[in-house]
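J.: What follows is a single structure, and I will ask about it in a moment.
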Amino acid sequence: DLDEYLAMADISPFWRDRIKALTFPPLTRVDLRRIYALGLISDEELKARLLELGYSIKDAERLMEFYKVYKHESGRELTKSMIVEGYLESIITKE
């Protein structure tokens, strides 16, 4: 267990949470876009995580605007295979 190791290594409790935070890779920009599109994180969390990835405030806000547009447009598009499958299963009709 990492907590036990840090204690045995005589790491100050002040630094333990910070060291543990570094052991996990941050979510990528693409992961954030997908999670945001699913509604799993708020605008504020998205911006904070983009800033953690090293984006400037201005660029983080631009990406947020892009993600908002992408989120709304991606829900309107069905792929050809989705439409054909829906038609074959009588979920979608010619009307």
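J.: Looking at (1) modelled with pLDDT under 95; (2) closer than 21 Å to Pro26 by Cβ; (3) polar (S, T, N, Q), which is the only condition Ser81 fails?
T.: (2)
J.: If the Cβ limit is 6 Å and pairs must be 6+ apart or interchain, which residue in the range 32-51 that is without any contact (Cβ under 8 Å) to a residue 12 or more places away in the chain and of a type in the set (A, V, I, L, M) pairs with which residue that is buried (at least 17 other Cβ atoms within 10 Å of the Cβ) and not in a loop (DSSP other than H, G, I, E, B)?
T.: Leu51/Ala60
J.: So, one more: Test Lys71 against the criterion of being under 13 Å from the mean Cα position of the chain (by Cα) and in a helix (DSSP H, G or I), and give yes or no.
T.: Details: under 13 Å from the mean Cα position of the chain (by Cα): yes; in a helix (DSSP H, G or I): yes.
Criteria met by Lys71.
The values are calculated or read from the model by the stated rules, or taken from the named source; none is laboratory data. Quick caveat: nothing in here was measured; it's all calculated off a predicted structure. We place every Cβ from the backbone using ideal geometry, glycine too, and count neighbours over all the protein chains shown.
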